[in-house]
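Engineer: One structure coming up, written as structure tokens, with questions to follow.
The values are calculated or read from the model by the stated rules, or taken from the named source; none is laboratory data. Remember, it's a predicted structure, so these values are computed and weren't measured experimentally. All Cβ positions, glycine included, derive from the backbone under ideal geometry; neighbour counts span all protein chains shown. When the accessible area is computed, the model is the full protein with side chains, heavy atoms only, and any ligands, DNA or RNA have been set aside. Shrake-Rupley method; radii C 1.70, N 1.55, O 1.52, S 1.80 Å.
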Amino acid sequence: MSRKYKILGLLGDGIAGEIIAEGIKVLKATEEKYGLDLEILGPYPIGAKYWVDHDLKRGWPEELNKDLILEADTIFKGPTGLPDLVGKLPGGYTPINLRTELDLYANIRPCRLRPGVASVLTGRKTGDIDYIILRENTEQMYVNIGGLMKRGGETELAIDNYVQTKKGCERIIRYGFKLARSGEYKGRPGAPLDGKRRLTCACKWGLTKGDDLFKETYDQQAAENSDIERDATWIDSWSYYAIMKPSFYDIVVMPNQYGDIMSDMSGALQGSLGLAGSINAGDTYCFAEATHGSAPDIAGRGISNPTSMILSMGMMLNWLGDKRGDQKLKLAWRGIDSAVDAVLAKGRVRTPDLRGTNSTKEFGSSVSEAVLKSEQ
Ligand code: NAD
């Protein structure tokens, strides 16, 4: 008998609906292939458009309350936000702030050059790029405890706070060593260049006190994790090295905002942001979310690449497999990951971001067929 898992779906803005529909198609194929029992709750509407559709008055769907969120085994969420509405809404995009309220401190963002995808870097082949950005997800520039000073209705001063705590540094760096050791979410464990399991610490120590603490914590833990190669670089240099020698990197841990920026750059190194999957993970909860935003420039045309969402959902199953000790879920992630590779390698079906002419739906259907045929 399979164990039943409740998976809460949250929609979002722009291309969210179309990529999530394909993700669900693939989840259904994994149920059939691996004998899983996944109960999908929703997906419920959330995001900026939800506010506009409801005259900017709060009123999330009645069932979509905190209890439903906390009771789900895991969650997937589409991108939220629309450029014209940024900073203008009276509340958040979701009923609770998932990253902080569920304490999802580890944002895991793989960057892999997959088969059949042309690199934007000259001479790089499949497998030459295979690193993970491990972004601290609850601190630094996004703690939201700053404020504005207004006089006579005019904004005169804006303050943001850069906050890094010992607890925050310790747990994300510990997670980094664990990830380097396990090789989870990668094509292969270790760096493509030499197979070495390596944890790179990338921040701006010597300049900000928070990054001094981050680096100091890394140095302390590196001494206790001598099986993992140690490497540290300033974040500005890392943005250079990532392009000049991407094969050197295995796991790269960094504070919140650097991780946000570097993971979009890594989307380019993969060939498209539409290939960039990610999970936001903590010790108890996790949600799947593509690295990119709502892509309003292509929304509604049915041409977005759903791979980012499909891979995020696969990673979510793997996280749940570890949490519940269920190997079938871990196998399902491998199946999804290799099905994406199989479709990309054949190159017959691809979306316009990868210079193809196929639709979001056609690509999603090809991946779900490949899941059913997977040898994993
Ligand atoms: P974006 O990530 O939405 O788009 C950047 C570029 O990547 C665009 O050219 C877009 O077409 C392309 N792209 C993104 N996803 C793609 C896919 N699946 N397939 C093919 N191409 C894809 O960034 P943006 O335009 O700066 O932001 C749009 C909105 O999204 C903003 O309101 C922003 O606040 C929001 N946003 C939300 C999240 C999130 O919910 N996690 C993350 C980033 C941005």
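Engineer: Going down the list 178/330; 66/328; 77/186, which pairs span over 24 Å between their C-alpha atoms?
Structural biologist: Going by Cα-Cα distance, 66/328 fall outside the 24 Å limit.
Engineer: With the contact rule set at Cα under 8 Å and sequence spacing of 6 or more, what percent relative contact order holds for the chain?
Structural biologist: 23
Engineer: What shape does the chain have by the C-alpha gyration tensor, where a ≥ b ≥ c are the square roots of the eigenvalues, rounded means a/c under 1.5, and otherwise prolate means a/b greater than b/c and oblate the rest? Kindly include the intermediate steps, with their values, before the conclusion.
Structural biologist: On the way: a/c = 1.40, a/b = 1.04, b/c = 1.34.
Here the chain falls in the rounded category.
Engineer: Please report Rg over Rh for the range 60-175, where both radii come from the alpha carbon positions and Rh follows the Kirkwood definition.
Structural biologist: 1.06
Engineer: Let me ask another. Carbon and sulfur atoms: what percent of the 1.4 Å accessible area of the range 173-317 do they account for?
Structural biologist: On the range 173-317, the fraction of accessible area on carbon and sulfur atoms equals 53 percent.
Engineer: A further question on this structure: Can you tell me the FRET efficiency between residue 125 and residue 154 if r is taken as the Cβ-Cβ distance and R0 is 45 Å, rounded to the nearest 0.05?
Structural biologist: Efficiency at R0 = 45 Å is approximately 0.20.
Engineer: Using Stokes-Einstein with the Kirkwood hydrodynamic radius over Cα pairs, what translational diffusion coefficient do you get for the range 231-283 at 10 °C and a viscosity of 1.306 mPa s, in µm²/s rounded to a whole number?
Structural biologist: The calculation lands on 132 µm²/s.
Engineer: If you don't mind, another one. Given Cβ point charges of +1 (Lys, Arg) and -1 (Asp, Glu) and nothing else, what value in debye, to the nearest 20, does the dipole of the chain about its Cα centre take? Provide the component values of the computation, followed by the final result.
Structural biologist: Details: 49 positive and 50 negative charges, 168 e Å.
Value, rounded to 20: 800 debye.
Engineer: Label the range 272-376 by shape, choosing from rounded, prolate and oblate, from the square roots a ≥ b ≥ c of the eigenvalues of the Cα gyration tensor; if a/c is under 1.5 it is rounded, and otherwise prolate applies when a/b is larger than b/c, oblate when it is not.
Structural biologist: Details: a/c = 2.94, a/b = 1.39, b/c = 2.12.
Taking the square roots of the gyration eigenvalues as a ≥ b ≥ c, the range 272-376 is oblate.
Engineer: Follow-up question, since we're still on this one. Tell me, what ³J(HN,Hα) does each residue in the range 105-112 have, in order and in whole Hz, if you take phi through Karplus 6.51 cos²θ - 1.76 cosθ + 1.60 with θ = phi - 60° and put x for Gly and Pro?
Structural biologist: Working through the residues one at a time gives 7, 10, 9, 9, 10, x, 10, 9 Hz.
Engineer: Could you give the length gained on full extension between residue 165 and residue 261, defined as 0.36 nm per residue of separation minus the Cα-Cα distance, in nm?
Structural biologist: Details: separation 96, 0.36 × 96 = 34.56 nm, distance 2.09 nm.
Extra length available between residue 165 and residue 261 comes to 32.5 nm.
Engineer: All other residues with a Cβ under 12 Å from the Cβ of residue 180 taken together, and with Lys, Arg as +1 and Asp, Glu as -1, what is their net charge?
Structural biologist: Charge balance near residue 180 sits at +3.
Engineer: Quick one, can you get me the convex hull of the C-alpha atoms of the range 198-292 expressed as volume per residue in Å³?
Structural biologist: With only Cα atoms used, the range 198-292 gives 114 Å³ per residue.
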